[in-house]
Amino acid sequence: MIYSQANDKKASILLIYTGGTIGMKVDPVLQALTPFDFSQILDEVPELGKFAYRIDSYTFDPLIDSSDVEPAHWISLVRLIEERYEEYDGFVILHGTDTMAYSASTLSFMIEGLTKPVIFTGSQLPIGTPRTDGKENLISSVEIAAAKDEEGHPLVPEVCICFDNVLIRGNRSRKFNSDNFRAFRSEDYPPLAEAGISIRYNRNLIRRPDSWEARPIFHTELDTRVSILKIHPGITPGVVRNILLGEDTRAVIIETYGAGNAPSKDWFISIVREASERGKILLNITQCVAGCVNMDIYATGKSLKAAGVINGYDSTTESALGKLFYLLGVFETNEEVKSGLEMDLRGEISK
Ligand code: ASP
């Protein structure tokens, strides 16, 4: 059910509330945080009414703590945006912070040729508490979702996260602080916009669609048979085998050291080679929070490359996971998936 708050003129925004801290307030009877009725969002954030936008809201049923997010939720979000695409100028998704970077990353791949803003936001403190960051986050997100350039095109036709006055590309984001208001960071790509007295857009960094007229392609096939292997000193052959050669695994993200390095021991390289020969897609992502994989610098990286491991460049793990879910869902052959991984599809890697 879509609730309409005002009938207007300038821009129309669909607020989609999936759950999470932002939509909570203290129930005076229960003395506990409970979700408030999102159709009454203007009562909670009357500042939104000053925009004179049309703001409609859609609430997930049931609401979820984002730790429970599943691919089925991403598919519902994409279907909802697809159904309502022509009706709105932008979409703001209110989402728990815990998995917001995963959801924003995956949605960026699921919508190909996006021409409108899809802005994720949330908060560290509920909207119903005095020091909440939720109001600022929501207000800035709505303003960004409605912003147009001189030609009337959306300023930010991307899937993004807007949090603590900074707008970052969704597939570059990670949650890095569990209690500071600056909960998200994009280490390898600068912010797309920053909100101060006014919102300053870094327009040269924002992606533009090939065509403003073409309708995006909304992909809803995801294949989640992906594992993550985090390399660490003391890792055993049994653990590496279980993950790399797992029966139900089509691809493994290997979180390596530094510029993409892993143990050079024979047992390790031979399991990697075996996995690759058995048709597992292996992607090298660095454990560092910033910087790029380069498998040509050290012998330990070179042997991974020789064993068939693909370079994940400066991808975050969240983005690599979403990209693999999408590529495995859409393409049949390993060759197609591998060539997709090598490409910068939505601004997720620097090549
Ligand atoms: N556990 C909550 C969630 O991710 C935390 C939050 O909303 O920030 O849904």
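The values are calculated or read from the model by the stated rules, or taken from the named source; none is laboratory data. All figures in this text were calculated on a predicted structure; none of them were measured in a lab. Using ideal geometry, Cβ is built from the backbone for each residue, glycine included, and neighbour counts are taken over all protein chains shown. To get the accessible areas, we keep the full protein, side chains included, count just its heavy atoms, and leave off ligands, DNA and RNA. Shrake-Rupley method; radii C 1.70, N 1.55, O 1.52, S 1.80 Å.
In table form, for the structure just shown:
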item	result
Candidate set from the range 82-95 (those that are surrounded by 21 or more Cβ atoms within 10 Å (Cβ to Cβ) and in a loop (DSSP other than H, G, I, E, B)); member that is nearest to the ligand (Cβ to nearest atom)	His95
Residue match in the range 49-60 (condition: within 16 Å of the ligand (Cβ to nearest atom) and out of contact with any His (no Cβ under 9 Å at 6 or more places or on another chain))	yes
Qualifying residue in the range 154-166 (condition: within 16 Å of the ligand (Cβ to nearest atom), over 23 Å from Cys288 (Cα atoms) and either charged (D, E, K, R) or surrounded by 22 or more Cβ atoms within 10 Å (Cβ to Cβ) (or both))	yes
Of all residues making up the range 254-279, the number that are in contact with a Leu (Cβ under 8 Å, 6 or more places away or on another chain) and either of a type in the set (Asp, Glu) or surrounded by fewer than 22 Cβ atoms within 10 Å (Cβ to Cβ) (or both)	6
Residue identified as within 16 Å of the ligand (Cβ to nearest atom) and not basic (Lys, Arg) among Ile139, Ile75, Ile144, Ile64	Ile64
Any hit, the range 119-126, residues being β-branched (Val, Ile, Thr), under 14 Å from the mean Cα position of the chain (by Cα) and farther than 29 Å from Lys25 by Cα	no
Residues within the range 309-333 that are assigned to a loop (DSSP other than H, G, I, E, B) and either buried (at least 20 other Cβ atoms within 10 Å of the Cβ) or in contact with a His (Cβ under 6 Å, 6 or more places away or on another chain) (or both), tallied	6
Inter-residue pairs, beta-carbon under 7 Å, first more than 11 Å from the ligand (Cβ to nearest atom) and in the range 118-131, second at pLDDT below 90 and assigned to a loop (DSSP other than H, G, I, E, B), 6+ apart	Gly128/Phe36
Residue in the range 301-308 that is in a helix (DSSP H, G or I), hydrophobic (A, V, I, L, M, F, W, C) and open to solvent by 50 Å² or more (accessible area, probe 1.4 Å) present	yes
Test result for Asp98, part of a loop (DSSP other than H, G, I, E, B), open to solvent by 10 Å² or more (accessible area, probe 1.4 Å) and either touching a Leu at 6+ places or on another chain (Cβ under 6 Å) or within 28 Å of Arg182 (Cβ to Cβ) (or both)	yes
Close pairs from the range 317-345: first charged (D, E, K, R), partner open to solvent by less than 30 Å² (accessible area, probe 1.4 Å), Cβ under 7 Å, at least 6 apart	Glu318/Ala101; Glu318/Ser105; Lys323/Phe109; Lys323/Leu341; Lys323/Glu348; Lys338/Ile281; Lys338/Ile310; Glu342/Ile310
Evaluation of Lys25 against (1) open to solvent by 50 Å² or more (accessible area, probe 1.4 Å); (2) more than 16 Å from the ligand (Cβ to nearest atom); (3) assigned to a strand (DSSP E or B) (one fails), failing number	(2)
Per-region count, the range 1-20, residues among the polar types (S, T, N, Q) and modelled with pLDDT under 90	3
Residue in the range 288-299 that is in contact with a strand residue (DSSP E or B) (Cβ under 7 Å, 6 or more places away or on another chain) and outside any loop (DSSP other than H, G, I, E, B) present	no
Subset of the range 299-351 that is touching a Gly at 6+ places or on another chain (Cβ under 8 Å) and at pLDDT below 95 - its residue that is nearest to Ile271 (Cα to Cα)	Leu304
